[in-house]
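This report concerns only the one structure given below.
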Amino acid sequence: MKFDYIIVGAGSAGCVLANRLSANPKNQVLLLEAGGKDRKFEIHVPAAYSKLHHSEVNWNFFTEPQPFVRNRRMYQPRGKALGGSSSINCMAYIRGNREDYNDWERAGNRGWGYDDLLPYFRKSEHNEQFQNQFHGKNGLLNVTRNRYVTPLAGAFVAACGERGIPANDDFNGASQDGAGPFQFTIKAAQRHSTAAAFLRPALDRRNLHVMTGAQVHRVVLDGQRAIGVETSTRPGGPIELVRATKDVILTAGAFQSPQLLLLSGIGPADYLHDMGLPTRHALPGVGDNLQDHLFVNMNVLCNQRLTYNNVETPFNLLKYLLLKKGPISASPLEAGAFVRTREGLDRPDIQLHFAPVMGYDLHDYPSLPKTEGFT
């Protein structure tokens with residue numbers, strides 16, 4: 001098989017690229033996804049996202065033992081279906097701080113500063129609440145507030161105000177600092193993943209080909225040029241070479257994009273030698289410096305029946321299925337805050353999440369207690 005573009009990974013980036021590249025009918029585009037289709041019911045129900053952990057639509061990665069957390073192996077969920085992690089996450093719409101993008105530009109990447117990227121954020125977005133210099137109305141990705149919000153969210157924002165943290169109605173607006181409600185990638189009380197927003201509208205295009213259950217083993221190189229990928233559609237099955245006449249694009253995520261580069265012989269020469277892999281292009285840094293934000297839970301009891309610990313009832317389910325209302329229509333991650341812990345910082349260094357649900361591990365839904373509380 002031969003295509004102009006091969007995109008590896010139908011996640012948050014891959015679905016967008018598949019849409020944009022196939023908009024030109026002259027481009028033959030192949031989108032490869034190791035997982036399956038996004039048909040699982042819980043994918044589309046906002047309050048059910050915690051049920052997607054430890055499931056077949058999740059890679060369920062664990063880190064190597066980490067010395068600074070008592071040698072524990074930390075859970076690293078990653079989406080394994082069309083939409084990637086946008087099909088399993090909590091749907092909070094946070095673009096990132098403007099200074100993070102400005103750091104990219106200061107590092108020598110011209111055109112990747114915040115002011116350069118803002119038009120593309122606006123272009124991609126259909127925001128139900130905001131239309132200003134920071135937000136768009138005509139994009140494919142729906143962004144909105146929760147339809148259902150507990151009184152605890154407002155109490156959290158008020159408590160932050162008492163501690164000197166200002167209210168902020170829009171974390172993606174003029175400033176990220178402060179406390180306020182999140183917006184979410186939800187449309188009509190259903191998750192609006194990149195598969196729903198960008199891929200589904202393009203599926204009827206004859207020049208876009210989507211293959212699920214396709215595990216890519218390596219990028220095939222001809223000298224210094226990527227000319228295709230080797231892929232298989234079942235474990236132990238035959239490996240097929242798929243060629244690209246223009247580009248091979250890796251959008252397989254923070255773990256598997258560098259993994260594919262290493263398997264293809266692109267990376268630190270010493271590491272490739274130790275792993276028994278031939279070096280096709282020595283490139284220091286591939287597979288290094290992965291950093292994830294440390295997540296620390298603090299659980300608090302609530303003396304009123306307000307939280308999500310007991311929402312899984314026939315009444316609430318019927319209310320959602322028939323009316324698309326109630327707690328099941330919303331993401332339980334209701335509010336948050338971005339704060340600077342000391343003077344002199346040019347951006348927040350602490351992020352707070354507020355969820356009206358209590359549990360030792362919010363990634364382990366079956367073990368959540370029936371005791372009312374919040375985290």
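So what's the net charge close to residue 112: Lys and Arg +1, Asp and Glu -1, counting the other residues with Cβ under 14 Å from its Cβ?
So the environment of residue 112 carries a net charge of -2.
Name the residue from 71, 109, 85 whose Cα lies farthest towards the positive end of the charge dipole of segment 65-112, charges +1 on Cβ of Lys and Arg and -1 on Cβ of Asp and Glu.
71
Can you give me the relative contact order of segment 227-375 as a percent, contacts being Cα pairs under 8 Å and 6 or more apart?
18 percent
Between Rg and the Kirkwood Rh of segment 126-177, both from Cα atoms, what is the Rg to Rh ratio? Let's see the in-between values first.
Numbers: Rg = 13.3 Å, Rh = 12.8 Å.
In segment 126-177, Rg relative to Rh is 1.04.
What are the equivalent ellipsoid semi-axes of segment 47-86, built from the alpha-carbon gyration tensor (square roots of five times its eigenvalues), in whole angstrom, biggest first?
So the equivalent ellipsoid measures 24, 10, 7 Å along its semi-axes.
I'd like the antiparallel share, as a percent to the nearest 5, of DSSP beta bridges with both residues in the chain. List each step's numbers first, then the result.
Numbers: 30 of 52 bridges.
Percent antiparallel among DSSP bridges in the chain is about 60.
With the contact rule set at Cα under 8 Å and sequence spacing of 6 or more, what percent relative contact order holds for segment 175-312?
Here the relative contact order equals 13 percent.
Please state the charge dipole magnitude for the chain, taken about the Cα centre, from unit charges on C-beta atoms (+1 on K and R, -1 on D and E), reported in debye and rounded to the nearest 20.
1240 debye
Within a Cβ distance under 11 Å of residue 180, other residues only, what is the Lys/Arg minus Asp/Glu net charge?
Working: positive: 145; negative: 169, 170, 177, 334.
Combined, the nearby Lys, Arg, Asp and Glu give -3.
Taking a threshold of 30 Å on the Cα-Cα distance, which of the pairs 2/51; 37/246; 26/324; 40/246; 26/123 fall above it?
From the list (2/51; 37/246; 26/324; 40/246; 26/123), the Cα-Cα distance tops 30 Å for 2/51; 26/324; 40/246.
What is the distance in Å between the Cα centres of segment 10-36 and segment 189-264?
Going from one Cα centre to the other spans 9 Å.
Around residue 76, under 13 Å between beta carbons, what's the net of Lys plus Arg minus Asp minus Glu among the other residues? Display every interim value, and only then the final one.
Numbers: positive: 72, 73, 78, 80; negative: 64, 292.
Result for the neighbourhood of residue 76: +2.
Could you compute Rg(Cα) / (2.2 N^0.38 Å) for segment 1-147, with N its residue count?
Rounded to two decimals, the normalised Rg is 1.23.
Report the charge-dipole magnitude of segment 43-191 in Debye, nearest 20, computed about the Cα centre from +1 at each Lys and Arg Cβ and -1 at each Asp and Glu Cβ. Display every interim value, and only then the final one.
Numbers: 18 positive and 14 negative charges, 119 e Å.
So the magnitude is around 580 debye.
Taking a quarter of the surface of the Cα convex hull of the chain, what do you get in nm²?
21.2 nm²
What number, in percent, do you get for the relative contact order of segment 1-147 if the mean sequence gap of Cα pairs under 8 Å and at least 6 apart is divided by its residue count?
Result for segment 1-147 is 16 percent.
Would you mind computing the Rg to Rh ratio of segment 221-375 from its alpha-carbon coordinates, Kirkwood style for Rh?
With Rh from the inverse mean 1/r over Cα pairs, Rg/Rh is 1.15.
Going by amide H atoms built from the backbone, whose H comes under 5 Å of the H on residue 7, apart from near neighbours?
When sequence neighbours closer than 5 places are left aside, the close amide H contacts are 30, 31, 32, 249.
Taking the inverse of the average 1/r across all pairs of different Cα atoms in segment 228-306, what Kirkwood radius in Å do you get?
Final number for the Kirkwood radius of segment 228-306 is 16.1 Å.
Rounded to whole Å and sorted largest first, list the principal axis extents of the Cα atoms in segment 127-262.
61, 34, 32
Once fully extended, how much extra length lies between residue 149 and residue 131, figured as 0.36 nm per residue of separation less the alpha-carbon to alpha-carbon distance? Let's see the in-between values first.
Values: separation 18, 0.36 × 18 = 6.48 nm, distance 2.24 nm.
Here the segment from residue 149 to residue 131 would lengthen by 4.2 nm.
If you average over every viewing direction, what projected area does the convex hull of the Cα atoms of segment 213-258 give, in nm²? Show your work: numbers first, answer last.
Numbers: hull surface 14.6 nm².
Seen from a random direction, the Cα hull of segment 213-258 projects 3.7 nm² on average.
Read-outs throughout are calculated quantities, based only on the coordinates presented, and are distinct from any laboratory measurement. Source: prediction; values computed, not measured. Using ideal geometry, Cβ is built from the backbone for each residue, glycine included, and neighbour counts are taken over all protein chains shown.
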